[in-house]
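Working notes, beginning with the structure itself.
The values are calculated or read from the model by the stated rules, or taken from the named source; none is laboratory data. Every value quoted in this text rests on a predicted model; they were computed, and no experiment measured them. So basically every Cβ, Gly included, is an ideal-geometry build from the backbone, and we count neighbours across all protein chains shown.
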Amino acid sequence: MRRKLAAGNWKMNGLLANMAEVQSLIAAFPAPQPVDILICPPATLLGAIAAQCRDSAIALGGQYCHTATAGAHTGDISAPMLKDAGADYVIVGHSERRADHGETNAQVRAQAEAALEAGLNPIICLGESEAERRAGHARAVVEAQLDASLPDQGAFVIAYEPIWAIGTGLVPELGDIAEIHDAMRANLAARYGADAAKSVPLLYGGSVKPTNAAEIFALENVDGALVGGASLKAQDFGPIITALAASDGA
Ligand code: 13P
């Protein structure tokens, strides 16, 4: 059965000076923990944080990977490089990369396949825009992204992140989160079979805070969160992890 996952996406934030936050998390959540805990720092910090997190309950992930294993791609980073630096996960298809770098569903799928090939667990992100939500198309948009962004096989995580909820303090109604997560589980069951669908952790992301985490984690098909801003400080991320560990089924 799937484990719950509290994942922090540091985005383009973090210097060596911020490593004390990681140290605080390691101290607050000694191994073993009932839920998986993940930090996805900028690639520049992976090696240093990996050394800090060895034998701890904190796993590490990248924020993007190229589809190729190596080659003439200045500035890019490959899945085997992330693995080599100590990562076990990689975020692919984040809406900021889809927007800033024009990444398509097909590219996201190829990145997820490259991650799996390298022994990484891809966290595949999707979610509707504000206009799509307003037009009543959120579910259809997410299902289309699922169909086109997921690999045909392999162990992966999905993060539903409505674009309009990222970094805005806005969060969908709980019923709207539940509707999308239930639809994602049903979509996975139709494509991969009921048992395989049950093994996929479905994360919610977008303005998750200590104050709203517990009610989101209480939803049946929410298996954790992908947290941006609130993952940068242990005093914010810690209570979110605790809320997940306290949620039913963790
Ligand atoms: P915030 O938690 O800052 O809204 O960011 C969410 C996110 O994009 C995580 O990937």
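ALA59 satisfies every condition listed in (1) closer than 19 Å to THR242 by Cβ; (2) exposed (fewer than 13 other Cβ atoms within 10 Å of the Cβ); (3) among the hydrophobic types (A, V, I, L, M, F, W, C) except (2). Test ALA131 against the criterion of being under 18 Å from the mean Cα position of the chain (by Cα) and free of Cβ contacts under 8 Å to residues at least 60 places away in the same chain, and give yes or no. Taking the combined requirement at face value, the residue does not satisfy it. Here's a check for you: in region 218-229, which residue that is within 15 Å of the ligand (Cβ to nearest atom) and in contact (Cβ under 8 Å) with a residue 60 or more places away in the chain is farthest from LEU203 (Cα to Cα)? Applying the filter and picking the extreme gives GLY229. Taken over region 163-179, the criterion of being within 14 Å of the ligand (Cβ to nearest atom) and part of a helix (DSSP H, G or I) is satisfied by ILE163, TRP164, ALA165, ILE177. Scanning region 23-34 for residues that are within 19 Å of the chain's Cα centre (by Cα) and surrounded by 21 or more Cβ atoms within 10 Å (Cβ to Cβ) yields a single hit, LEU25.
Find the residue count for region 223-240, including only residues that are in a helix (DSSP H, G or I) and touching a strand residue (DSSP E or B) at 6+ places or on another chain (Cβ under 7 Å). The number of residues fulfilling the criteria is 3.
Residues in region 92-108 that are out of contact with any Pro (no Cβ under 8 Å at 6 or more places or on another chain) and within 16 Å of the ligand (Cβ to nearest atom): GLY93, HIS94, SER95, GLU96, ARG97, ARG98, ALA99, ASP100, HIS101, GLU103, VAL108. Of all positions in region 180-201, none carries a residue that is within 13 Å of the ligand (Cβ to nearest atom) and either modelled with pLDDT of 95 or more or surrounded by 24 or more Cβ atoms within 10 Å (Cβ to Cβ) (or both). Regarding VAL227, is this residue buried (at least 24 other Cβ atoms within 10 Å of the Cβ) and farther than 17 Å from VAL157 by Cα? In short, no.
Just so you know, in region 35-67 the residues that are small (Gly, Ala, Ser) and assigned to a strand (DSSP E or B) include one that is farthest from the chain's Cα centre (by Cα), and it is ALA59.
For the residues ALA214, ALA243, the requirement of being in a helix (DSSP H, G or I), small (Gly, Ala, Ser), more than 10 Å from the ligand (Cβ to nearest atom) and surrounded by fewer than 19 Cβ atoms within 10 Å (Cβ to Cβ) singles out ALA214.
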